[in-house]
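This report concerns only the one structure given below.
The values are calculated or read from the model by the stated rules, or taken from the named source; none is laboratory data. These numbers come from a predicted model, not from an experiment. Every residue, glycine among them, receives a Cβ derived from its backbone with ideal geometry; neighbour counts consider all protein chains shown.
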Amino acid sequence: RIRVLYQYLVAMHKGDIPCENSLLRQVSSLLRSLPAAQSEKFHDDFLMEYNDKLLMSYLAMLTNCASNMNEMVDKFNT
């Protein structure tokens, strides 16, 4: 997605496509929200948060599967 956005901005800069100020404001806002740090601590913190999110997603999936299995067993037993 970033590559597509970059190619779009390059084409806009070259004049191949018309300049859209509203889009440039949105891109600017997006870029300001991205972290600029490249330190080792930032990298470690980022990976820890990323792993936590993956674990939460995995646990949510397991909970959903367990619930579906429970419903299937209940239907089978009745």
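Points to keep in mind about this one:
Yes/no matrix, rows are residues, columns are (1) modelled with pLDDT under 95; (2) surrounded by 10 or more Cβ atoms within 10 Å (Cβ to Cβ):
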position	(1), (2)
R3	yes, no
L23	yes, yes
L30	yes, yes
A36	yes, no
Y58	no, yes
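Each row is one residue, and each column tells you yes or no for (1) free of Cβ contacts under 8 Å to residues at least 60 places away in the same chain; (2) of a type outside the set (D, E, K, R); (3) closer than 23 Å to I2 by Cβ.
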| residue | (1), (2), (3) |
| --- | --- |
| L34 | yes, yes, yes |
| D45 | yes, no, yes |
| D52 | yes, no, no |
| S57 | yes, yes, yes |
| D74 | yes, no, no |
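- Any hit, the range 52-69, residues being touching a helix residue (DSSP H, G or I) at 6+ places or on another chain (Cβ under 9 Å) and part of a helix (DSSP H, G or I): no
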